[in-house]
Amino acid sequence: MPAWLLYTVFSLIFVLASTALFFFTLTRGALIMRAVLGNSRHDAAHVYPIYSNMWLIRLVDFQPVIAAILLFQYDRLVSAITSGLNHMDLRGKTVLITSCAFGNVIPRVVTAAIESGARQVLIADIIKNELDHAQGKLSEFSGKLQFLQENATAMKQADGSVAVNVIFFLLHELPHPLKGQALREAARVLAPGGKLYLAEFHRPDVWVLRALSWTYFKVFEPLGLALWHTHDPLKQLEAMDGFTCERRTVFFGNFQILVATKNLVA
Ligand SMILES: C[S@@+](CC[C@H](N)C(=O)[O-])C[C@H]1O[C@@H](n2cnc3c(N)ncnc32)[C@H](O)[C@@H]1O
């Protein structure tokens, strides 16, 4: 094998291994350390340092990196939500985004909501640094936004107070009992006729992708695998009654977009 090819292969392996180690340390590795140190009893104990430390938030939040993490389906997933919002009449209504996310999802959702007439958009997250970071991307909408430090599993909003609730890749990071609790809260705050848009991982249809995805979850995000079976959000929402749900999967079933509409007469 020529020397240049050998160097290229080793460099590639080195970069991939370093990236994997970086993300492991700042995600699952940090949670293991927290548990070992007995520091895992507070409400935000499941939140990775990449979402709580401002320096790390700024380091990781680059659109190409985030797009790659979602296998370059990020834009498609966000577009599925924004095109739904574009078709709604939100005049005078309140839209809620439950939990921040990297990339341009929040500015795009806010833009779509306001173009459809929303009076205000509430952005809720358990971590103040995430809210501050999101605020930095949204200066042009400042009069219409409220940033709320809140727990998705115990929201302070009144019953039926929002017309839309958007949850983008939160559930797979929550401990299992909190997944159902977050969905119940999302359902509670939604007004009759309102819509919950939920983007998440899904069990892939193709075995190769399923094997890769399973390995990814086992190593980095073990709380996510339950979405494939015991904590399928569609089943959880349907079990609540009072919702009409549609699920669309993309990229060989690796991702899902759920739209749950709260029935007018529950
Ligand atoms: C939505 S998830 C990650 C999304 C996706 N992986 C991405 O590309 O950014 C991360 C966000 O959820 C927030 N979060 C985690 N648990 C929460 C909870 N119980 N209530 C509200 N926000 C929460 C974290 O603070 C963080 O801002």
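Scanning the range 219-248 for residues that are free of Cβ contacts under 8 Å to residues at least 12 places away in the same chain, aliphatic (A, V, I, L, M) and crowded, with 17+ Cβ neighbours inside 10 Å turns up just one, Leu225. Go through the range 193-213 and report how many residues are more than 26 Å from Ile106 (Cβ to Cβ) and either surrounded by 21 or more Cβ atoms within 10 Å (Cβ to Cβ) or touching a residue at least 12 places away in the same chain (Cβ under 8 Å) (or both). Residues that pass the stated criteria total 5.
For Ile106, the conditions (1) under 22 Å from Val250 (Cα atoms); (2) touching a residue at least 60 places away in the same chain (Cβ under 8 Å) are fulfilled apart from (2).
Matching residues to (1) at pLDDT 85 or above; (2) more than 17 Å from the chain's Cα centre (by Cα); (3) away from the ligand (no atom under 11 Å from the Cβ); (4) closer than 21 Å to Val219 by Cα:
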{"position": "Met1", "(1), (2), (3), (4)": "no, yes, yes, no"}
{"position": "Leu6", "(1), (2), (3), (4)": "yes, yes, yes, no"}
{"position": "Ile13", "(1), (2), (3), (4)": "yes, yes, yes, yes"}
{"position": "Val47", "(1), (2), (3), (4)": "yes, no, no, yes"}
{"position": "Val60", "(1), (2), (3), (4)": "yes, no, no, yes"}
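Just so you know, in the range 124-145 the residues that are in contact with a Leu (Cβ under 8 Å, 6 or more places away or on another chain) and within 16 Å of Val47 (Cβ to Cβ) include one that is surrounded by the fewest Cβ atoms within 10 Å (Cβ to Cβ), and it is Leu131.
Out of Leu183, Leu122, Leu138, Leu131, one residue alone is closer than 29 Å to Gly253 by Cα and within 16 Å of the ligand (Cβ to nearest atom). It is Leu183.
Evaluate the following for Leu96: is it in contact (Cβ under 8 Å) with a residue 60 or more places away in the chain and outside any helix (DSSP H, G or I)? When the stated conditions are applied, Leu96 passes them. A count restricted to the range 115-148 and to residues that are in a loop (DSSP other than H, G, I, E, B) and farther than 24 Å from Arg91 by Cβ stands at 3. The one condition from (1) in contact with a strand residue (DSSP E or B) (Cβ under 7 Å, 6 or more places away or on another chain); (2) surrounded by fewer than 15 Cβ atoms within 10 Å (Cβ to Cβ) that His176 does not meet is (1).
Considering the range 95-110, and only residues there that are near the ligand (Cβ under 6 Å from one of its atoms) and hydrophobic (A, V, I, L, M, F, W, C), the residue that is farthest from the chain's Cα centre (by Cα) turns out to be Phe102.
So, of the residues in the range 146-173 that are farther than 12 Å from Ile97 by Cα and away from the ligand (no atom under 13 Å from the Cβ), which turns out to be surrounded by the most Cβ atoms within 10 Å (Cβ to Cβ)? In this case the residue turns out to be Ser161.
The values are calculated or read from the model by the stated rules, or taken from the named source; none is laboratory data. Just so it is clear, the model here is predicted, and its values are computed rather than measured. Glycine also receives a Cβ, built like all others from the backbone with ideal geometry; neighbour counts cover every protein chain displayed.
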